[in-house]
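For reference, the structure is listed below as structure tokens.
The values are calculated or read from the model by the stated rules, or taken from the named source; none is laboratory data. Keep in mind that this is a model prediction, so the values were computed, not measured. All Cβ positions, glycine included, derive from the backbone under ideal geometry; neighbour counts span all protein chains shown.
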Amino acid sequence: MNQPAVDIVVLISGNGSNLQAIIDHLDQSDTSARIVRVISNRPNAYGLQRAQAAGIATDVIDHQAYAERAAFDQALADRLEALNPTIIVLAGFMRILSAAFVERFRGQLINIHPSLLPAYRGRDTHARVLAAGDQQHGCSVHYVTPDLDAGPVIAQAMLTVQPSEDAEQLANRVQALEHQLYPAVISWMTAGRVALHDDQVLFDRVVQPSPRRLSMD
Ligand code: GRF
């Protein structure tokens, strides 16, 4: 393994089950990629305990300590610049980041969203999918751009909605997909296979016409 180290910072706000999936995946992989810091905007996020149990350094930047969004974003950006990661992974990070922040880290910031984007940006995706009677649902990993949940999609995982299931059951099944999709995308990124160029996703240096699809049914 003579690859340069790939440093990852993961931003969380809560449970951190996606963080756990990424930790477990990196532990089991022959990779020089490592999570150098987990940062939470909430002091009591359970994901901080997951990081500490894995021996990963943690920071809390409590958004409530900042009167304005811009000041919080500045503090977060300063911390990230000091860490100088290759990839910044948003994993259940429940803060909207300002356009200035997003531009500063463009091409490094990725997010996971529980829908097949561009469908169902925003919240309550599972209930909205059920209300619409959709048969297909899933999750997307995308580059973060200033428009919420609208950045170029790298990959998606899909499932078939069961007629009998409720929003909670559907959410659980989508989360299980997330735990496979996010590590897969991070593996591609740490191997240098994915890049953002002119708002398009390159895979192995070729423009990807549509998101990669992982089918798990
Ligand atoms: C995930 O379902 C993700 O889609 C959304 O926030 C949730 C985070 O869950 N962005 P966890 O904290 O990783 O368990």
Tabulated pairs, region 81-102, first of a type in the set (Phe, Trp, Tyr), second surrounded by fewer than 21 Cβ atoms within 10 Å (Cβ to Cβ) and assigned to a helix (DSSP H, G or I), C-beta under 7 angstrom, 6+ apart or interchain:
Phe101/Ala77
I need a count of the residues in region 102-124 that are within 16 Å of the chain's Cα centre (by Cα) and outside any loop (DSSP other than H, G, I, E, B).
6
Within 13 Å of the chain's Cα centre (by Cα) and either surrounded by 14 or more Cβ atoms within 10 Å (Cβ to Cβ) or among the aromatic types (Phe, Trp, Tyr) (or both): which single residue out of His137, His142 fits that description?
His142
Residues in region 125-145 that are within 12 Å of the ligand (Cβ to nearest atom), under 23 Å from Val9 (Cα atoms) and in a strand (DSSP E or B): how many?
4
Please verify whether Glu103 is under 26 Å from Leu48 (Cβ atoms) and surrounded by fewer than 19 Cβ atoms within 10 Å (Cβ to Cβ), treating the condition exactly as stated.
no
Cβ-Cβ under 8 Å pairs, at least 6 apart or on other chains, region 157-181 side in a helix (DSSP H, G or I) and within 11 Å of the ligand (Cβ to nearest atom), far side of a type in the set (Val, Ile, Thr) and modelled with pLDDT under 95
none
Give region 96-124 a look and list any residue that's within 13 Å of the ligand (Cβ to nearest atom), farther than 19 Å from Leu26 by Cα and either out of contact with any helix residue (DSSP H, G or I) (no Cβ under 7 Å at 6 or more places or on another chain) or of a type in the set (Asp, Glu) (or both), or say none.
Ile96, His113, Leu116, Leu117, Arg121, Gly122, Arg123, Asp124
Residues located in region 15-42, provided they are more than 13 Å from the chain's Cα centre (by Cα), assigned to a loop (DSSP other than H, G, I, E, B) and either within 15 Å of the ligand (Cβ to nearest atom) or crowded, with 18+ Cβ neighbours inside 10 Å (or both)
Asn15, Asn41, Arg42
Check Ala54, Ala75, Ala67 and return the single one that is within 16 Å of the ligand (Cβ to nearest atom) and not basic (Lys, Arg).
Ala54
Looking only at residues that are part of a strand (DSSP E or B) and of a type in the set (A, V, I, L, M, F, W, C) in region 1-14, which one is surrounded by the most Cβ atoms within 10 Å (Cβ to Cβ)?
Val10
Within region 132-156, how many residues are of a type in the set (D, E, K, R) and without any contact (Cβ under 8 Å) to a residue 12 or more places away in the chain?
1
If I filter region 146-154 for residues that are of a type in the set (A, V, I, L, M, F, W, C), assigned to a loop (DSSP other than H, G, I, E, B) and farther than 17 Å from Asn18 by Cβ, do I get at least one hit?
yes
Does any residue of region 168-181 turn out to be modelled with pLDDT of 95 or more, surrounded by fewer than 18 Cβ atoms within 10 Å (Cβ to Cβ) and farther than 24 Å from Ile23 by Cβ?
yes
Within region 69-85, can one find any residue that is under 17 Å from the mean Cα position of the chain (by Cα), among the hydrophobic types (A, V, I, L, M, F, W, C) and closer than 18 Å to Glu178 by Cβ?
no
Taking region 78-95 and the residues there that are surrounded by fewer than 17 Cβ atoms within 10 Å (Cβ to Cβ) and at negative phi, the one that is nearest to the ligand (Cβ to nearest atom) would be Met94
